[in-house]
Amino acid sequence: LLRALDVDRTADAAADVYEALGVVYNVSRDYDAAADVFRRAVELRPGDYQLRNKLGATLANGNRSEEALPSYRAALGLKPKYARGWLNMAIGHSNLRNYSEAARCYLQTLSLNPEARHVWSYLRVALTCDERWDL
């Protein structure tokens, strides 16, 4: 992959290489290295909402949910109707025990993707943890 940088030095090609490296590092569970290369890719393609989401997911996978939230916010700032971004934001808030905010994000996910039936169970857990018995 790194040889591809020698062949094509355009920013977009480099971002593609860094993104691919990020996926490889993620699969091998080297989340710090994955986050580093995803950050480089985001620097080269700051308007790519999916890269920002991948960076956030990588940070969350490495038990860094607090650091992941700004990446999710940036992704959603670029594409507000990105259901996967809302779901990841909700999971991040749940990991941080911000259950009411998690529930809000799960509801947003469901409004954007009503077919995501699995999200209902996540919402139920967040509301239970938040002791929202009235709902």
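Out of curiosity, is A41 open to solvent by 20 Å² or more (accessible area, probe 1.4 Å), under 16 Å from the mean Cα position of the chain (by Cα) and not aromatic (F, W, Y)? No: the conditions fail for A41.
Scanning the stretch 14-23 for residues that are crowded, with 18+ Cβ neighbours inside 10 Å and of a type outside the set (D, E), we see that the one that is modelled with the lowest pLDDT is A14.
The single condition among (1) open to solvent by 20 Å² or more (accessible area, probe 1.4 Å); (2) part of a helix (DSSP H, G or I); (3) closer than 30 Å to D134 by Cβ that N26 does not meet is (3). Among the residues of the stretch 41-48, not a single one is at pLDDT 95 or above and closer than 21 Å to N95 by Cβ.
The values are calculated or read from the model by the stated rules, or taken from the named source; none is laboratory data. Because the structure is predicted, anything quoted here is derived from the model rather than measured. Glycine also receives a Cβ, built like all others from the backbone with ideal geometry; neighbour counts cover every protein chain displayed. Quick note on the areas: whole protein, heavy atoms, side chains included, nothing else; ligands and nucleic acids left out. Shrake-Rupley method; radii C 1.70, N 1.55, O 1.52, S 1.80 Å.
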